[in-house]
1. Whole-Hz Karplus ³J(HN,Hα) for the range 79-96, in order, using 6.51 cos²θ - 1.76 cosθ + 1.60 and θ = phi - 60°, x for Gly and Pro?
2. Stretch Q170-Q120 to full length: gain in nm at 0.36 nm per residue minus the Cα-Cα span?
3. Could you list F86, F63, F117 so that the one with the fewest beta carbons within 10 Å of its beta carbon is first and the one with the most is last?
4. Whose amide H sits under 5 Å from the amide H of I103, counting only residues 5 or more places off or on another chain, with H placed in the peptide plane?
5. Using θ = phi - 60° and the Karplus form 6.51 cos²θ - 1.76 cosθ + 1.60, what ³J(HN,Hα) does each residue of the range 171-181 get, whole Hz, x for Gly and Pro?
6. Residue separation times 0.36 nm, minus the C-alpha to C-alpha distance between I32 and T144: what's the value?
7. Which value in Å is the Kirkwood Rh of the range 30-224 over different Cα pairs?
Amino acid sequence: MPNHHFSANKKGHNVAHSQNISVPQMKHESIIIPSTSAPTWGGYFVIDFRERNCILHDLLLQFNASALIGYTSTNATSPRYTPAYFWFNRIELVQNNNVIDTIYSNQQFISNQLFNFDEQRNLINLGCGAYNNTTQRATLAASTNSYYVDLWNYFQQGHLPILSQKDDLQIRIYMDTLANNAVTGTATLTASPISTINSCNLIAKVTRLQFIRFITSFKINSIKT
């Protein structure tokens, strides 16, 4: 006589109903999306996230900046950039033509210092130029390098699905001036500091929802037939 309290799972094992679950096939990815417009110091640019059928988990900005020049120095700890958290005045996260959240430099810096374990916090700080390590920032500023800003945002907390056009995300980034982010230290200024932001990419952590693609395909095929 069959035991109705048990069933066969996808691997053929006979398990209790409470232990038998069916999780849709999903794929976890980190994707890189270049900015739609060119980033400049003191300017404004946007990044458009238009991926569909996925859950968006986290947002990270990757700035690529040239060497900081226009100084002479006898001290290895200067000149340098400020940590990349302070390169922007504000960032707006826009969905369905509504500003859902506004991100500020100080808020981002403090959130990442307070709400991460030390190992993660130190890694994040090294990626954007460590606030407590002037030598590291001077080394980065001596040549063209990438700087990473891990954004503390509502996707990180809510893991929201991006399913249709109304869910598309636009990131509007309002940059601060170079004068506010070039640190002289003990260096001598021979001219105005010179620096170029070569690019800014969005690195997004997503989970692909394969079953939604199947349902969409099924509905389209049903309509055709």
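1. Rounded to whole hertz, the list is x, 7, 8, 5, x, 4, 4, 9, 6, 10, 7, 7, 10, 10, 9, 10, 10, 6.
2. Here the answer is 15.3 nm.
3. Ordered by Cβ neighbours within 10 Å, fewest first: F117, F86, F63.
4. Here the answer is I91, E92, L93, since their amide H atoms fall under 5 Å of that of I103.
5. Result, rounded to whole Hz: 9, 9, 10, 9, 7, 7, 7, 5, 4, 7, 10.
6. Taking I32 through T144 to full extension adds about 38.4 nm, to one decimal.
7. 18.1
Computed from the coordinates by the stated procedures, all read-outs in this text should not be read as laboratory data. The structure presented is a predicted model; accordingly, all values stated were derived computationally and were not measured. Neighbour counts run over all protein chains shown; Cβ positions are idealised from the backbone, glycine included.
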